[in-house]
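The structure under discussion appears below in the form of structure tokens.
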Amino acid sequence: MIKKILNVGHYSFDYFENRKLPAFYSSIQYKLNGKVVTYKEFEGIKISNENKLYRVYNIPPYLDLLLENTNTYRKISLPEIDKGLLVDISKFATIEDYTAKQFNSRKRKQIRSALKRAETCFNIDYKFYYGEINKEQYEFLLNTAYTFITRRFNQINKKHFHLSRWNLIKENLFQLILEKKASIFVIYDNDKPINICFNYHFNKITCNVLASYDIDYAKFSLGSIDLYKQLEWNINNDFEIFDLSMGASEYKFKWSNNHYDLSHNIIIKKKSVISNLLALLLCCYLKLKFYVFRYYYKHPNNKLLFFLNRFIPSPTNDSNQNIEKPVEIESKTIDAFNFESDSQEKIDIETETYEFLRKPIYDFLHANPQLKNNVLVYKLNNEEKSYIIKGTNKIQKLIITN
């Protein structure tokens, strides 16, 4: 019944993923270098006569969706609860120019240190798939990104917004990459992806829609490295906006130079009494919801809101049986070890059998920067659940405690 009355669309999904918008829109408009630019590069989604009201949400403020027939339809714009983040790179010639403007010298040093540390410890390669990718590599990257997201969100027992739309993303993204309307950015350790990000492109705008990483590399600030390299690529390829979209991650706040309010359009049939009445009720509801949530964000310790929040369940992962239980490891540095004895055997952490050792060994590399290939790992045969990491200058013993 509700679907017959109210039709809901998501701007980012409808346009970026499908290059479609509801047929009551005629064009997309935004300002570029002080000039108003209008685009009509989309297919119209058929409008049902049964629907009395339409709502299109998550529209960024730098875009305006223009109506096809203002005699038939009227548009109301309302703010969304969620905020967005973007990087305006239109005035910067190099990534160094941007970081000099955005960060102080201490933070710039930390960024350079993170890049150097990752590239010292691993054979790092950065790859953009934009305009060209083979189907086999595409399938591999999509499946790997899915694994990264599932593993990370099972770890924190939450649901990831994009997983419910994964099949749609997978179906459309390949062709969009070939048409340079989308891209995949990958950070590789040798030939192993450790960070995968999906972007959509619209003229001079890059919309960063999904980022994923291998949690075994968590110490290496892959989020900041990802943004540094992507901004560098976008500046070099003459893009002007790098939209980080929704998500209040701390590293996104640090990198963005613009915060914005998302909005949604409510489209009303002018001559329909029911449409106008429903629009009035929907606007009242959405405005109330907006102000309550925004007040909560500004006053998180408000007692009434805290009391109400107890009855609002947080989005969690229902498949608790799939939650990855972390391996508890005790580590300690030792001065010496007899590697000539028969009490240990060399092992390969890249095999599935010993994958649980990757994170503590990568943590060891982060604390003692050196090439991963120079680090040897041994299993102690005479001590249960005990292992030795032999670096160039340090030796560490790992004991599994659970």
Exercise. Taking LYS135 as the residue in question, decide whether it is touching a residue at least 60 places away in the same chain (Cβ under 8 Å), open to solvent by 20 Å² or more (accessible area, probe 1.4 Å), touching a helix residue (DSSP H, G or I) at 6+ places or on another chain (Cβ under 9 Å) and over 25 Å from PHE220 (Cα atoms).
Key: no
Quiz prompt | Subset of the stretch 14-38 that is under 30 Å from LEU277 (Cα atoms) and assigned to a loop (DSSP other than H, G, I, E, B) - its residue that is most open to solvent (accessible area, probe 1.4 Å) | solution = ALA23
Exercise. Could you tell me whether the stretch 197-208 includes any residue that is without any contact (Cβ under 8 Å) to a residue 24 or more places away in the chain, buried (at least 20 other Cβ atoms within 10 Å of the Cβ) and either over 14 Å from the mean Cα position of the chain (by Cα) or more than 30 Å from THR38 (Cβ to Cβ) (or both)?
Key: no
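Quick check: is even one residue across the stretch 333-353 under 22 Å from LYS116 (Cβ atoms) and modelled with pLDDT of 85 or more?
Restricting attention to the stretch 333-353, the residues satisfying the condition of being under 22 Å from LYS116 (Cβ atoms) are none.
Checked the stretch 333-353: no residue is under 22 Å from LYS116 (Cβ atoms) and modelled with pLDDT of 85 or more.
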Quiz item: So which residues in the stretch 374-402 are more than 16 Å from ASP363 (Cβ to Cβ), crowded, with 16+ Cβ neighbours inside 10 Å and either out of contact with any strand residue (DSSP E or B) (no Cβ under 6 Å at 6 or more places or on another chain) or among the polar types (S, T, N, Q) (or both), if there are any at all?
Solution: SER386
Quiz prompt | Residue under evaluation ARG117, criteria (1) over 25 Å from the mean Cα position of the chain (by Cα); (2) touching a residue at least 24 places away in the same chain (Cβ under 8 Å); (3) open to solvent by 60 Å² or more (accessible area, probe 1.4 Å), criterion not met | solution = (1)
Quiz item: Which of (1) modelled with pLDDT of 95 or more; (2) crowded, with 19+ Cβ neighbours inside 10 Å is the odd one out, the single condition SER212 does not satisfy?
Solution: (1)
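Looking at the stretch 39-89, which of its residues are within 24 Å of PHE242 (Cα to Cα), in a strand (DSSP E or B) and open to solvent by 20 Å² or more (accessible area, probe 1.4 Å)? Spell out the reasoning first.
Here is the first cut: in the stretch 39-89, the residues within 24 Å of PHE242 (Cα to Cα) are 39-42, 56-66, 77-89.
Filter again for in a strand (DSSP E or B), leaving 39, 56-59, 64-66, 77-88.
Listed by number, the residues that qualify are TYR39, TYR57, ASP64, LEU66, SER77, PRO79, ILE81, ASP82, LYS83, ASP88.
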Quiz item: What pairs come up if the first residue lies in the stretch 218-241 and is more than 16 Å from PHE148 (Cβ to Cβ) and open to solvent by less than 30 Å² (accessible area, probe 1.4 Å), the second is acidic (Asp, Glu) and part of a loop (DSSP other than H, G, I, E, B), and their beta carbons are under 9 Å apart, counting only those six or more places apart or on different chains?
Solution: ASN234/GLU240
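Quick check, is SER275 open to solvent by less than 30 Å² (accessible area, probe 1.4 Å), touching a residue at least 60 places away in the same chain (Cβ under 8 Å), of a type outside the set (Phe, Trp, Tyr) and farther than 30 Å from LEU357 by Cβ?
Working: open to solvent by less than 30 Å² (accessible area, probe 1.4 Å): yes; touching a residue at least 60 places away in the same chain (Cβ under 8 Å): yes; of a type outside the set (Phe, Trp, Tyr): yes; farther than 30 Å from LEU357 by Cβ: yes.
In short, yes.
Within the stretch 198-233, how many residues are in contact with a His (Cβ under 8 Å, 6 or more places away or on another chain) and not charged (D, E, K, R)? Give the derivation first.
Within the stretch 198-233, the first condition is being in contact with a His (Cβ under 8 Å, 6 or more places away or on another chain), and the residues that meet it are 207, 209-210, 219-220.
This time we only want the ones that are not charged (D, E, K, R), so: 207, 209-210, 220.
Residues in the stretch 198-233 being in contact with a His (Cβ under 8 Å, 6 or more places away or on another chain) and not charged (D, E, K, R): 4 in total.
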Exercise. Being loosely packed, with under 12 Cβ neighbours inside 10 Å and modelled with pLDDT under 95 is the filter here, so list the residues in the stretch 90-100 that pass it.
Key: LYS91
Quiz item: How about the stretch 129-156: which of its residues are assigned to a helix (DSSP H, G or I) and among the acidic types (Asp, Glu)?
Solution: GLU136, GLU139
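One line per residue, one yes/no per condition, for (1) among the charged types (D, E, K, R); (2) in contact (Cβ under 8 Å) with a residue 12 or more places away in the chain; (3) closer than 30 Å to LYS35 by Cα:
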{"site": "ILE95", "(1), (2), (3)": "no, yes, yes"}
{"site": "PHE122", "(1), (2), (3)": "no, yes, no"}
{"site": "ASP125", "(1), (2), (3)": "yes, yes, no"}
{"site": "ASN143", "(1), (2), (3)": "no, no, no"}
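The values are calculated or read from the model by the stated rules, or taken from the named source; none is laboratory data. Remember, predicted model here, so these are calculated numbers, not experimental data. All Cβ positions, even for glycine, are placed from backbone atoms using ideal geometry, and neighbour counts span all protein chains on display. Only protein heavy atoms, including side chains, enter the accessible area calculation; ligands, DNA and RNA are left aside. Shrake-Rupley method; radii C 1.70, N 1.55, O 1.52, S 1.80 Å.
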